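The values are calculated or read from the model by the stated rules, or taken from the named source; none is laboratory data. Only a predicted model underlies this, so the values are computations on that prediction, with no experimental measurement involved. Cβ atoms come from the backbone with ideal geometry, glycine included; neighbour counts cover every protein chain shown.
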Amino acid sequence: VSKKLLEERELEFYKWEGDSEELLRGVRQNLNALGEHWSRDEKNKCLREATKAFRFLGQIVRLIIL
């Protein structure tokens, strides 16, 4: 995608300071804390919507690179 749209440049959005694994661990903890008080039904709805979001993102990326 970056070859097609950005001439292989890296956006600042994709740059971060620190260990990516440590940052990811912190994000997981924050997400778990956010959903801690959700009902099972709310969690299931969130998972279904996240699945759709990733599927559609994949479709968009495929359209860009073709």
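Note on the range 5-54: residues that are of a type in the set (Gly, Ala, Ser), at pLDDT 95 or above and in a loop (DSSP other than H, G, I, E, B) amount to 1. Selection of the range 26-62 for residues being within 25 Å of TRP16 (Cα to Cα) and among the acidic types (Asp, Glu) yields an empty set. Screening ILE64 against (1) assigned to a helix (DSSP H, G or I); (2) without any contact (Cβ under 8 Å) to a residue 60 or more places away in the chain; (3) of a type in the set (A, V, I, L, M, F, W, C) leaves a single unmet condition, (2).
Scanning the range 48-60 turns up no residue that is surrounded by 10 or more Cβ atoms within 10 Å (Cβ to Cβ) and in contact with an Asp or Glu (Cβ under 9 Å, 6 or more places away or on another chain). Please verify whether the range 26-44 includes one or more residues that are within 30 Å of LEU6 (Cα to Cα), without any contact (Cβ under 8 Å) to a residue 40 or more places away in the chain and of a type in the set (Asp, Glu). No, because not a single residue in the range 26-44 is within 30 Å of LEU6 (Cα to Cα), without any contact (Cβ under 8 Å) to a residue 40 or more places away in the chain and of a type in the set (Asp, Glu).
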